[in-house]
Amino acid sequence: MEEKWRKELKYTVTEGESIVTARRLSSFMQRDKNLKGGREYLIRSLYFDNLYEKVLKEKLSGTAVRDKFRIRYYDFDTAFIRLEKKSKRYAVGHKYQCRLTAEEVQKIIDGNTAWMEEDERPLVRELFLKMKLELFRPSVIVDYCREPFTYAPGNVRITLDRDICTGLGNVDFQNPDTFYLRALEQSTVLEVKYDAFLPELVRMAVQVPGRQAAACSKYAVCRRFD
């Protein structure tokens, strides 16, 4: 299957601006098919980095070619967990992913990684090499609520990420009792992803006076509290 590289715009907006934007988008866009009721779902991610903070430094410096690994699940459902590699190549990005079991995730967190070396999933083997050769380890938990929209022309997906929290260095991300601290007060991250073109209707709908598209990493924001 051909890899699909997508373009992405990010904005940081206030809670009030996000509510107005969501109302505007709901007038012509569809709600994401992954919603199980309501308007939002919870995302919990565990990101990887090494002792030299390679991933964080590449993000903060704006390195044009970079990758980051994370493990993610939704709405507290550990029956469906994914390992993801998000790759950035200049102005476009791509996400590779595969399923993991809760038991496999716990082994990775505990440092039991020998089984990964010959796993049939290429992404698992790639993470193993990162952990073995570059000393990648679980780094930080990032937690937030997402309100998603889709629009068929341009294959557009817009998300509003609210209540962004950090696990404060605790990497036990399957534990429901893990303490979280809000990392971005009264702000929402608005993300716009699309393929070859962004319809003008969508471009106008996401415009907020005084706001310009800029790099905004939830991972980097949460790493400030390490």
Report summary line: Of the residues in the range 124-162, those that are of a type in the set (D, E, K, R) and either touching a residue at least 24 places away in the same chain (Cβ under 8 Å) or part of a strand (DSSP E or B) (or both) come to Glu126, Lys130, Glu134, Arg137, Asp143, Arg146, Glu147, Arg157, Asp161, Arg162
Query raised in the report: In the range 18-45, which residue that is assigned to a loop (DSSP other than H, G, I, E, B) and without any contact (Cβ under 8 Å) to a residue 40 or more places away in the chain is surrounded by the fewest Cβ atoms within 10 Å (Cβ to Cβ)?
Result: Gly37
Query raised in the report: When you look at Glu58, is it surrounded by fewer than 17 Cβ atoms within 10 Å (Cβ to Cβ) and among the charged types (D, E, K, R), yes or no?
Result: no
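Check whether at least one residue in the range 60-67 is part of a helix (DSSP H, G or I), on the phi < 0 side of the Ramachandran plot and in contact (Cβ under 8 Å) with a residue 40 or more places away in the chain, and report yes or no.
The answer is yes, given that some residue of the range 60-67 is part of a helix (DSSP H, G or I), on the phi < 0 side of the Ramachandran plot and in contact (Cβ under 8 Å) with a residue 40 or more places away in the chain.
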Requested in this report: Mind listing whichever residues of the range 1-24 are over 24 Å from Lys86 (Cα atoms), in contact with a Ser or Thr (Cβ under 7 Å, 6 or more places away or on another chain) and among the polar types (S, T, N, Q)?
Outcome: Thr14, Ser18
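Restricting attention to the range 166-212, which residues are aliphatic (A, V, I, L, M), open to solvent by 50 Å² or more (accessible area, probe 1.4 Å) and under 18 Å from the mean Cα position of the chain (by Cα)?
Step one: list which residues in the range 166-212 are aliphatic (A, V, I, L, M), which gives 168, 171, 181, 183-184, 189-190, 192, 196, 198, 201-202, 204-206, 208.
Those still in the list that are open to solvent by 50 Å² or more (accessible area, probe 1.4 Å) too: 168, 181, 196, 201, 204.
Residues satisfying the conditions are Leu168, Leu181.
Restricting the range 101-123 to residues that are part of a helix (DSSP H, G or I) and of a type in the set (Gly, Ala, Ser), which is farthest from the chain's Cα centre (by Cα)?
Residues of the range 101-123 part of a helix (DSSP H, G or I): 102-109, 114-116, 122-123.
Next, from what is left, pick out any that are of a type in the set (Gly, Ala, Ser): 102, 114.
Numbers: Ala102: 19, Ala114: 27 Å.
It comes out as Ala114.
For the range 182-226, give me each residue that is in a strand (DSSP E or B) and aromatic (Phe, Trp, Tyr).
Narrowing the range 182-226 to residues in a strand (DSSP E or B): 182, 187-194.
Correct list: Tyr194 only.
The values are calculated or read from the model by the stated rules, or taken from the named source; none is laboratory data. Source: prediction; values computed, not measured. With ideal geometry, Cβ positions are generated from the backbone for all residues, glycine too; neighbour counts draw on all protein chains shown. These accessible areas exclude ligands, DNA and RNA; they are computed on the full protein's heavy atoms, side chains included. Shrake-Rupley method; radii C 1.70, N 1.55, O 1.52, S 1.80 Å.
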